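Working notes for the structure below.
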Amino acid sequence: MARKRRRGLLPRALGGALVSLIVYLAIGSSLVWLGAPGAREGPVASFADFDRLRTLDRSGLPDLRRSAARDGVGLAYRRYRPAKPSNRALIVRHGSAYHGKPLHPLARMISAAGSA
């Protein structure tokens, strides 16, 4: 009968520490390689710039409407009418930690194009 070899606790702990170190170094290297958050350019920078959210054009922002979910909880939503009749609908959701006003320019653009 073959005897199973058992690895000791110390080699396993050292192996786990080595893997953790490699992961931390990989994350750190990628952060340095990608640059600091303030150095970003392009669409990522504009999306991540929360100060710009205060200055978004909110003209034409529809009033909030409310609908009750199956459990009775009130859900708020905004309805954008398409520029031309359409048989399509688009539902854009956002997380529960922030309101949906920053999605207004996107919804207005989709509505104006008659895409939904």
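The values are calculated or read from the model by the stated rules, or taken from the named source; none is laboratory data. Quick caveat: nothing in here was measured; it's all calculated off a predicted structure. Reconstructed Cβ throughout: ideal geometry from the backbone, glycine too, with neighbour counts over all protein chains shown.
Checking each residue in segment 72-115 for being polar (S, T, N, Q) and outside any loop (DSSP other than H, G, I, E, B) picks out only SER111. Against the test of being out of contact with any Leu (no Cβ under 8 Å at 6 or more places or on another chain), surrounded by 10 or more Cβ atoms within 10 Å (Cβ to Cβ) and modelled with pLDDT under 80, the options LEU21, LEU10, LEU53, LEU90 yield a single qualifying residue, LEU53.
Scanning segment 60-71 for residues that are in a loop (DSSP other than H, G, I, E, B) and loosely packed, with under 10 Cβ neighbours inside 10 Å yields ASP63, ALA69, ARG70, ASP71. Residues that are in contact with a Lys or Arg (Cβ under 9 Å, 6 or more places away or on another chain) and surrounded by 10 or more Cβ atoms within 10 Å (Cβ to Cβ) within segment 72-87 comprise ALA76, TYR77, ARG78, ARG79, TYR80, PRO82, listed in sequence order.
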